[in-house]
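Student: A single structure is presented below for examination.
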Amino acid sequence: MAAESTDATATPPLAWHETVVAVLKANEVRLVPYVPDNVLRPLIEAVHADPFFTTFATAREEEAVGIVAGGCMAGTRGIAMMQTSGFATLANVLASLPCAFQIPVLLLVSERGTLGEFNIGQAMVWRTMRPVLESLAMEHHTITRLDECAFICDRTIKQAVATQQPAALILSPLLTGGKVPAAAAAKA
Amino acid sequence: MPSAPDTATAAHNARRMHRAELMRRLAARLTRGEAVIGGIGNTNFDLWAAGHRAQNFYMLGSMGLAVPIALGVALAQADRKVFALEGDGSLLMQLGCLSTVAALAPRNLAILVFDNGAYQITGGQPTPAAASGTDFMAIARGCGLPTAAWAADEAEFERMLDQCLAADGPHVVGLKLDNQKPAAQTERDPAQIRDRFMRGLGAKRSALPG
């Protein structure tokens, strides 16, 4: 058998954030409001740099959900980006806007609070994320591996649009590396 | 140009108007398929009472999101005028949205703030903004929306609507209300409301009647 993995001319795999950008573009997801997050920074910078996207920071995650809902209803798909603690502010607006009105609002959540969290507040609020998604019966998938990233993002977006339902994509520290304390990062 | 801030009617001098009457005046001006997002409760009840239009969206919960929803519509359809109708209590919950609007400066967005100073639908409890004398138009100007101004009376509201419809925004108009109850209640069927709104905006086509 040929050792295809040793081919020095092979294109290196896309990074997770490059994969997400490619999938968003392929699915015509153009409106990207966000509340900043350190792990999401390369993705935020990439969508800012690409004129395909309309991207901007909002003051609260609730606002971003409202903007994506409005855009969806007017014919432009969107995704609201945030971290876990920001998701935790959303139960009411998710229930009463995209869930009740059947609007395919997409969420991209950078997962904090697990696998090496250093902030107990983040660790506590992390516990609420999946129970809230489950109790709203919202489709959600956690992406842990680069080789599954494109498939999960693509299929989740397509299903949300086809079924007129909101959905959440959760980026695990297993995929992104997560956020590590400054001291640990300095030693690394 | 819209009213300059230094000539804007002070909040305490603005006439207290009937919400249903203002909604009728607004509806009468909307002849070009303008989108209207009605904030929760009595704000969208009186929008509904003024006569359903295919481009009306009536919120059900998600208090405070009339402006963000309208902003999303405005960004998606830059050639369509979009009105956000928001109550004072609702806006107080989501003041940050005014900075977001100012930062993006969508030319086709107008925000109408219906200020009765109270949570009317829950029993008329005064808002902290009413108790403190908070001036929502001053807040909007401070957020970077320099033409935000109170309407002195119905005639000035009509003139400000002319500006909203004819001139580039974003616009913010403050309306002081009396405590008159809403004239009707919106049908609470969100999936139908969303479907009709999308059709009204040309974002969905369907062979189903409706």
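Student: So, in the stretch A:60-92, of the ones that are touching a Leu at 6+ places or on another chain (Cβ under 9 Å) and polar (S, T, N, Q), which residue ends up surrounded by the fewest Cβ atoms within 10 Å (Cβ to Cβ)?
Tutor: Only one residue fits best here, namely A:76.
Student: Among B:78, B:35, which is the only one that is surrounded by fewer than 17 Cβ atoms within 10 Å (Cβ to Cβ) and within 14 Å of chain A (Cβ to nearest Cβ)?
Tutor: B:78
Student: Select, from A:150, A:167, A:95, A:123, the only residue that is free of Cβ contacts under 8 Å to residues at least 12 places away in the same chain, small (Gly, Ala, Ser) and either surrounded by 13 or more Cβ atoms within 10 Å (Cβ to Cβ) or touching a Phe, Trp or Tyr at 6+ places or on another chain (Cβ under 8 Å) (or both).
Tutor: Values: A:150 fails: free of Cβ contacts under 8 Å to residues at least 12 places away in the same chain; A:167 fails: free of Cβ contacts under 8 Å to residues at least 12 places away in the same chain; A:95 fails: free of Cβ contacts under 8 Å to residues at least 12 places away in the same chain.
So the residue among A:150, A:167, A:95, A:123 that is free of Cβ contacts under 8 Å to residues at least 12 places away in the same chain, small (Gly, Ala, Ser) and either surrounded by 13 or more Cβ atoms within 10 Å (Cβ to Cβ) or touching a Phe, Trp or Tyr at 6+ places or on another chain (Cβ under 8 Å) (or both) is A:123.
Student: Moving on to the next point. Go through the stretch B:65-74 and give me each residue that's within 13 Å of the chain's Cα centre (by Cα) and facing chain A (nearest Cβ under 7 Å).
Tutor: B:65, B:68, B:69, B:70, B:71
Student: Every residue in the stretch A:11-27 that is surrounded by fewer than 18 Cβ atoms within 10 Å (Cβ to Cβ), farther than 13 Å from residue A:147 by Cα and either hydrophobic (A, V, I, L, M, F, W, C) or in contact (Cβ under 8 Å) with a residue 40 or more places away in the chain (or both), please. Outline the logic, then answer.
Tutor: Let us first name the residues in the stretch A:11-27 that are surrounded by fewer than 18 Cβ atoms within 10 Å (Cβ to Cβ), namely A:11-15, A:18, A:22, A:25-26.
From what's left, farther than 13 Å from residue A:147 by Cα: A:11, A:22, A:25-26.
Within the stretch A:11-27, A:22, A:26 qualify.
Student: Considering only the stretch B:93-151, give the helices (runs of 4 or more DSSP H) lying wholly within it that have at least 1 residues that are touching an Asp or Glu at 6+ places or on another chain (Cβ under 8 Å) and within 11 Å of another protein chain (Cβ to nearest Cβ).
Tutor: By residue number, B:96-104.
Student: Among the residues of the stretch A:71-104, what is the count of those that are among the β-branched types (Val, Ile, Thr), within 10 Å of chain B (Cβ to nearest Cβ) and out of contact with any strand residue (DSSP E or B) (no Cβ under 6 Å at 6 or more places or on another chain)?
Tutor: Taking the stretch A:71-104 and keeping what is among the β-branched types (Val, Ile, Thr), we get A:76, A:79, A:84, A:89, A:93, A:103.
Retained after the next criterion (residues that are within 10 Å of chain B (Cβ to nearest Cβ)): A:76, A:93, A:103.
Next cut, out of contact with any strand residue (DSSP E or B) (no Cβ under 6 Å at 6 or more places or on another chain) only: A:93, A:103.
Within the stretch A:71-104, residues that are among the β-branched types (Val, Ile, Thr), within 10 Å of chain B (Cβ to nearest Cβ) and out of contact with any strand residue (DSSP E or B) (no Cβ under 6 Å at 6 or more places or on another chain) number 2.
Student: So which residues in the stretch A:54-70 are part of a helix (DSSP H, G or I), touching a residue at least 12 places away in the same chain (Cβ under 8 Å) and at the interface with another protein chain (Cβ under 7 Å from one of its Cβ atoms)?
Tutor: Hits for the stretch A:54-70 are A:62, A:63, A:66, A:67, A:68, A:69.
Student: Suppose we filter the stretch B:38-64 for residues that are buried (at least 21 other Cβ atoms within 10 Å of the Cβ), more than 15 Å from residue B:87 (Cβ to Cβ) and within 13 Å of chain A (Cβ to nearest Cβ); how many remain?
Tutor: The qualifying residues number 3.
Student: Within the stretch A:71-84, how many residues are touching a Ser or Thr at 6+ places or on another chain (Cβ under 9 Å) and in a helix (DSSP H, G or I)?
Tutor: Residues meeting the conditions: 2.
Student: Being of a type in the set (Ser, Thr, Tyr), surrounded by fewer than 18 Cβ atoms within 10 Å (Cβ to Cβ) and touching a residue at least 40 places away in the same chain (Cβ under 8 Å) is the requirement here; does residue B:134 meet it?
Tutor: yes
Every number in this text was worked out from the coordinates using simple rules, so none of it is lab data. Being a predicted model, the structure only gives us computed values, none of them experimental. Cβ atoms come from the backbone with ideal geometry, glycine included; neighbour counts cover every protein chain shown.
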